[in-house]
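Please read the structure below before turning to the comments.
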Amino acid sequence: QDKVNELERSHDEFAEVNEHLQLENSRLETELGQELEELRRRSDLLQLDNSRLQQALESQGRRLRDSEEQRHQLLGELQDVREDLHALRELELEAQLHSII
């Protein structure tokens, strides 16, 4: 009879510990599920931020290329003006020489 009582007590203790562990496991699963959901939300926000930064970087790159092309074009025009100015000075000098002669 003592053995039976001891087995019943052990069984009750085991059931109590098991129930406590199941409750703790359920609580932890809920907690982890919430943390996982928060991490997913953060990941989505980071991906959105990353996409926006990528687009801004691409736009800035295009503006930089456009600016560089414009700079190159303006340098070419400046060179043309310098050449025209040099040619004009030569013509002025020739005209002065002819007027002296």
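The values are calculated or read from the model by the stated rules, or taken from the named source; none is laboratory data. These figures come from a predicted structure and were not determined experimentally. Every residue, glycine as well, gets a Cβ built from its backbone with ideal geometry; the counts of neighbours run over all protein chains shown. Side chains included, ligands, DNA and RNA excluded: accessible areas come from the protein's heavy atoms. Shrake-Rupley method; radii C 1.70, N 1.55, O 1.52, S 1.80 Å.
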Taking the conditions exactly as written (loosely packed, with under 10 Cβ neighbours inside 10 Å and in a helix (DSSP H, G or I)), does Val4 satisfy them or not?
yes
Of the residues Ser10, Ser26, which is open to solvent by less than 100 Å² (accessible area, probe 1.4 Å), modelled with pLDDT under 95, more than 35 Å from the chain's Cα centre (by Cα) and at negative phi?
Ser10
Considering Asp84, Asp80, Asp66, which residue is open to solvent by less than 90 Å² (accessible area, probe 1.4 Å), charged (D, E, K, R) and free of Cβ contacts under 8 Å to residues at least 12 places away in the same chain?
Asp80
